[in-house]
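Worksheet for the structure shown next.
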């Protein structure tokens, strides 16, 4: 959880909404007024940052 809190604000919110809030990518896109693809890419990049930090 500490690593999630170190993400930039947008990535952190996307990750938290997706993981803890159980929102769909479409629903998160509606919250941010972005398309579903933007949410998927943001979530993927945040996940990559978390994995890189965890493995380091």
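The values are calculated or read from the model by the stated rules, or taken from the named source; none is laboratory data. Treat the numbers as computed from the prediction; the structure is a model and nothing was measured. Quick reminder, even Gly has a Cβ in these numbers, built from the backbone with ideal geometry, and neighbours come from all protein chains shown.
Would you check which residues across region 24-56 are modelled with pLDDT under 95 and not in a helix (DSSP H, G or I) and list them?
56
Select from region 1-18 the residues that are out of contact with any helix residue (DSSP H, G or I) (no Cβ under 8 Å at 6 or more places or on another chain) and assigned to a loop (DSSP other than H, G, I, E, B) and write down the one among them that is nearest to residue 29 (Cα to Cα).
Top of the filtered list is 8.
Going by what's in this entry, would residue 50 be described as surrounded by 17 or more Cβ atoms within 10 Å (Cβ to Cβ) and in contact (Cβ under 8 Å) with a residue 12 or more places away in the chain? Steps first, answer last, please.
Numbers: surrounded by 17 or more Cβ atoms within 10 Å (Cβ to Cβ): no; in contact (Cβ under 8 Å) with a residue 12 or more places away in the chain: yes.
So residue 50 fails the test.
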